[in-house]
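Trainee: Take a look at the following structure, please.
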Amino acid sequence: MEISIDRDELYKSIARAQSIIERKSNMPILSNILLTARNGNIIVSATDLELGFQSEIPVQITTEGSITISGRKLFEILKEGKNNVIHIKEKENNWVFITDGFTRFDLASYPADEYPVFFEPDDIEMIEIPAALLSEMIEKTVYAVSLDEAGYKLSGIFIQRVSRQGRIFLRMVATDGHRLSLIDKPFPGAENLNLGNGLMVPKKGMVELAKMGQDGGTVLLGFKDKNCVARKEKALLLIRLLESKFPDYDAVIPKDSISSVEVARSDLLDAMKRMVILSNERYRAVKIGFEDNRMELVSTNPDLGEAQETLDVVFQGERVEAGFNPRYFIDILQTMESERVSLGFSDESKPCTLKGEADKGFLGLIMPMRL
């Protein structure tokens, strides 16, 4: 294989694949990227066996073929390159020559025919989704995915189709057992997605899917043969679904809240950031109390001291007190857009819910902690 290619175009594609390639693996070839030159284009492929990414870039081809290159090293070469054009040539014994006209590199590689191949399922029905909408749904749920290796059942975002008042919604839900995030969004064609009773998409795949939607436009999305498939322009993302059953999350969502509190989102977010200052692994709870249009926040750490703050809120009723992890409030509030948020409470043993007028279809939920 021998090609000449625009450095910036190749750099964008290789940068996009950095979070997919495996840096530490029993298969060293997974730290490489596969470049395939044919029909006036080069196809950039990266995979970790659970996730596959491809993009297609116009290129000047001298000789067609395929090579593998260290994904990290190629990224660094392109990042530091001085010329707009990069020349790449396959040499004997799996060596690859790269130059920008100033600096020359000879890199050892693996045979291209040993690179794992992934295929897009045939005849998959896909729907068109606004990219910004898809990214918003993921960003408002992905932070709640469990990071615990033992929590395999909670290691992804649950996607399902729900019907309400004659409208079809796409729903995404994530939880780590201590908090939950849920968002419903309506759009045409959701009824055509092959979701069954719901599917689990791993966190890493959803993060990559959100990146695909960051530049606007639309994304084609479909599900088939235990795979999630997404396309945008010349880019393809293939995600292997998790084979786990998501818990009955609806059972933990309060149907009625005895107390409702309205507060400025930015004020609450900043206050929670200050409450975190004294927290550690042993002392993570902040005591929240409401009474007569006031919210009292108290964070106590016997080893360090105590932090207190009072906020103006809209609240009428008997005094309510409960303990929560302030970091969970921060995660939720940072993804919301509403200027004011509504907090729903039942009692000290029930979760707190967060909603906002500008965050339609979204619900954040935080389980209480012992004080």
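Trainee: Starting from the coordinates of the alpha-carbon atoms of the chain, obtain the Kirkwood hydrodynamic radius over all distinct pairs and give the value in Å to one decimal.
Mentor: 23.2 Å
Trainee: In whole percent, and with a 1.4 Å probe on the protein chains, what portion of the accessible area of segment 302-371 is carbon and sulfur? Walk me through the intermediate numbers first.
Mentor: Values: 1660 of 3750 Å².
Carbon and sulfur: 44 percent of the exposed surface of segment 302-371.
Trainee: Compute log10 of I(q)/I(0) for segment 5-118 with the Debye formula, placing one identical point scatterer on every Cα and leaving out solvent, at q = 0.15, 0.22 Å⁻¹, to two decimals.
Mentor: Computed log10 I(q)/I(0) values: -0.58, -1.36.
Trainee: How high is the relative contact order of the chain? Use alpha-carbon pairs under 8 Å, at least six apart in sequence, and give a whole percent.
Mentor: 12 percent
Trainee: Where only protein heavy atoms count, and the probe is 1.4 Å, what is the accessible area per residue for segment 54-199 in Å²?
Mentor: With all protein chains present, segment 54-199 gives 53 Å² per residue.
Trainee: For the chain, take the longest principal axis of its alpha carbons; what is the angle in degrees between that and the long axis of helix 326-335, to the nearest 10 within 0 to 90?
Mentor: 60 degrees
Trainee: Right, next: Strictly over 22 Å apart at the Cα level, which of Lys89/Lys232; Lys12/Lys89; Lys140/Lys204; Lys140/Lys234 would you flag in this model?
Mentor: Beyond 22 Å: Lys89/Lys232; Lys140/Lys234.
Trainee: Further question on the same structure: So what J values fall out for segment 173-179 if you push phi through Karplus, 6.51 cos²θ - 1.76 cosθ + 1.60 with θ = phi - 60°, rounded to Hz, Gly and Pro as x?
Mentor: Per residue, the Karplus-derived 3J(HN,Hα) values read 9, 9, 7, 10, x, 10, 8 Hz.
Trainee: Considering all projection directions equally, how large on average is the shadow of the alpha-carbon convex hull of segment 262-337, in square nanometres?
Mentor: 4.9 nm²
Trainee: Sticking with this one: Would you work out what percent of the accessible area of segment 136-243, with all protein chains in place, is carbon or sulfur (probe 1.4 Å)? Write out the running numbers ahead of the final one.
Mentor: Numbers: 2260 of 4810 Å².
After summing per-atom areas, the C and S share lands at 47 percent.
Trainee: For His87, His178, give the ranking by accessible area with the largest first, probe 1.4 Å.
Mentor: Details: His87 45, His178 105 Å².
My answer, sorted largest first, is His178, His87.
Trainee: Rounded, prolate or oblate, given the Cα gyration tensor of segment 157-217, with a/c below 1.5 counting as rounded?
Mentor: On the way: a/c = 1.74, a/b = 1.17, b/c = 1.49.
It is oblate, given that a/c is not under 1.5 and a/b is not larger than b/c.
Trainee: So, taking all protein chains as they sit and a 1.4 Å probe, how much accessible area belongs to Phe362, in Å² rounded to tens?
Mentor: 10 Å²
Trainee: Charges only on Cβ, +1 for Lys and Arg, -1 for Asp and Glu: so what's the dipole of segment 13-58 about the Cα centre, in debye to the nearest 20?
Mentor: Working: 4 positive and 4 negative charges, 25 e Å.
Dipole of segment 13-58, to the nearest 20 debye: 120 debye.
Trainee: Now for a different question. List every residue whose amide H lies under 5 Å from the amide H of Tyr110, counting only residues 5 or more places away in sequence or on a different chain, with H placed 1.01 Å from N in the peptide plane.
Mentor: Hits under the 5 Å cutoff: Thr68.
Trainee: Roughly what would the spin-label model give for Asp6 and Glu125, points 7 Å off Cα along C-beta, in nm?
Mentor: The two pseudo-label positions are separated by 3.8 nm.
The values are calculated or read from the model by the stated rules, or taken from the named source; none is laboratory data. All values derive from a computational prediction rather than experimental measurement. Positions of Cβ are backbone-derived with ideal geometry, glycine not excepted, and every protein chain shown enters the neighbour counts. Protein only, heavy atoms only, side chains kept; ligands, DNA and RNA dropped before computing areas. Shrake-Rupley method; radii C 1.70, N 1.55, O 1.52, S 1.80 Å.
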